[in-house]
Amino acid sequence: MGRQPVDTVILLRSGNKTKPGLFEQVMAMACQEMWWFGIEWRRPDPDLGREGTFLRDIEMARECDLMLAFFSSGEMTGGTGHCVEKAMDVATPVYAWGVQDKRFVRIGEMDAGNSWGASMMAP
């Protein structure tokens with residue numbers, strides 16, 4: 001990726017009762033140790049039940065300047081897929097990668113003004 005602002009903070013999804021999985025932990029470690037980004041885990045409001053999860057995703061999509069989504073497969077599914085949908089709803093640029101044949105490949109994007117295209121890894 002291209003040069004990012006020094007104060008970049010990566011927002012990562014986390015459950016209320018579950019710890020981040022191995023994939024999420026590896027991604028967080030890469031963000032911190034390889035790219036020196038700050039990490040902020042986002043948990044849903046426990047008082048809102050399941051709705052809190054959806055509201056957390058909407059809030060993240062509205063707060064971020066850019067959404068980078070990583071999937072452990074080539075499919076945009078699950079909670080991260082929901083975040084991608086919410087980012088698209090509010091026109092936040094999105095780039096998504098999945099793991100195929102033990103490497104990351106770009107599996108989708110939505111960046112109407114191509115404002116981040118030069119900073120992204122090639123598909």
State whether the residues of the range 35-52 include one that is within 13 Å of the chain's Cα centre (by Cα), surrounded by 14 or more Cβ atoms within 10 Å (Cβ to Cβ), over 24 Å from Val90 (Cα atoms) and free of Cβ contacts under 8 Å to residues at least 60 places away in the same chain. no
Trp36: outside any helix (DSSP H, G or I), among the aromatic types (Phe, Trp, Tyr), more than 25 Å from Ser115 (Cα to Cα) and out of contact with any Asp or Glu (no Cβ under 6 Å at 6 or more places or on another chain), yes or no? no
Those residues of the range 1-55 which are among the hydrophobic types (A, V, I, L, M, F, W, C), at pLDDT 80 or above and within 18 Å of Phe104 (Cα to Cα), in sequence order: Leu22, Phe23, Val26, Met27, Ala28, Met29, Ala30
Residue check for Ala28: closer than 24 Å to Gly117 by Cα, without any contact (Cβ under 8 Å) to a residue 24 or more places away in the chain, in a helix (DSSP H, G or I) and within 13 Å of the chain's Cα centre (by Cα): yes
From Ile107, Ile58, which residue is part of a strand (DSSP E or B) and either among the hydrophobic types (A, V, I, L, M, F, W, C) or modelled with pLDDT under 85 (or both)? Ile107
Looking only at the range 94-104, count every residue that is over 19 Å from Leu11 (Cβ atoms) and in a strand (DSSP E or B) and tell me the total. 5
Going through the range 66-114 in order, the residues found to be touching a Leu at 6+ places or on another chain (Cβ under 8 Å) and of a type in the set (Ser, Thr, Tyr) are Thr92, Tyr95
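The values are calculated or read from the model by the stated rules, or taken from the named source; none is laboratory data. The structure displayed is predicted, hence computed values, not measured ones. Positions of Cβ are generated from backbone atoms using ideal geometry, with glycine treated the same way; all protein chains shown enter the neighbour counts.
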